[in-house]
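Take a look at the structure set out below.
The values are calculated or read from the model by the stated rules, or taken from the named source; none is laboratory data. Fair warning: this is a prediction, and the values are worked out from it, not measured in the lab. Cβ placement follows ideal geometry from the backbone for every residue including glycine, while neighbour counts extend to all protein chains displayed.
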Amino acid sequence: MACTGNSDANSDDPEPEIVIEGSITMDNNGASEYVVTAITGDGAEASINSPNPEITLVIGGRYTFINNSGASSHPLDFRNEDRTKLLGQSRSSGFFDDDPDAEIIFEEDTITFTLTEQLASELFDYVCSFHPGMNGSVSVIQN
Ligand SMILES: [Cu+2]
């Protein structure tokens, strides 16, 4: 049989991009605190079980936030410095809702998105849309 020149292990393929994937599990203490209860995968850092911790994410990473406090009880939103919604679980619309590169996916209590350069340049904090005191900063770093 003639060789077509194609194979699954083509040595001319470019190096695969480094993919960072992490998941951050959140819960709540009443209506005043989010806490991060677990982090898995790569690229996310936060103080575990501390009230409203700063969360650090790597630009270009794809992140899943598992909101065990309940997306309907404590909707997790991400905002810019003007406290305007960029994306999140509340019903109001966000700037990045339809951004194909951020590729936001909602599933029950989870929200997954890619931290694009553009999103990273805007991202400032997270907040519960019902309880403004449930709020912490998000910092972004280069890979
Ligand atoms: Cu809340």
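Touching a helix residue (DSSP H, G or I) at 6+ places or on another chain (Cβ under 6 Å) and over 18 Å from SER32 (Cβ atoms): does that describe VAL58?
No: the conditions fail for VAL58.
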### Message
Anything in region 46-92 that is under 11 Å from ASP125 (Cβ atoms), over 16 Å from the mean Cα position of the chain (by Cα) and within 16 Å of the ligand (Cβ to nearest atom)? List them, or say none.
### Response
ARG83
### Filtered residues of region 100-120 (kept if closer than 12 Å to VAL58 by Cα and hydroxyl-bearing (Ser, Thr, Tyr))
THR114, THR116
### Task
Restrict the check to region 114-131 and report whether at least one residue is out of contact with any strand residue (DSSP E or B) (no Cβ under 6 Å at 6 or more places or on another chain), crowded, with 21+ Cβ neighbours inside 10 Å and of a type in the set (A, V, I, L, M).
yes
### Task
Would you confirm whether any residue within region 80-88 is touching a helix residue (DSSP H, G or I) at 6+ places or on another chain (Cβ under 9 Å), assigned to a strand (DSSP E or B) and not hydroxyl-bearing (Ser, Thr, Tyr)?
yes
### Query
Which one of the conditions (1) modelled with pLDDT of 95 or more; (2) surrounded by fewer than 20 Cβ atoms within 10 Å (Cβ to Cβ); (3) not aromatic (Phe, Trp, Tyr) does GLN142 fail to meet, given that it meets all the rest?
(1)
#### Entry: region 93-143, residues that are touching a helix residue (DSSP H, G or I) at 6+ places or on another chain (Cβ under 9 Å) and either among the acidic types (Asp, Glu) or within 16 Å of the ligand (Cβ to nearest atom) (or both)
ASP99, ASP101
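Going through region 29-45 one residue at a time, which ones are assigned to a strand (DSSP E or B) and surrounded by fewer than 19 Cβ atoms within 10 Å (Cβ to Cβ)?
Result: ASN29, THR37, ALA38, ILE39, THR40, GLY41, GLU45.
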#### Entry: ASP101, sole failed condition from (1) of a type outside the set (Val, Ile, Thr); (2) closer than 19 Å to VAL19 by Cβ; (3) touching a Phe, Trp or Tyr at 6+ places or on another chain (Cβ under 9 Å)
(3)
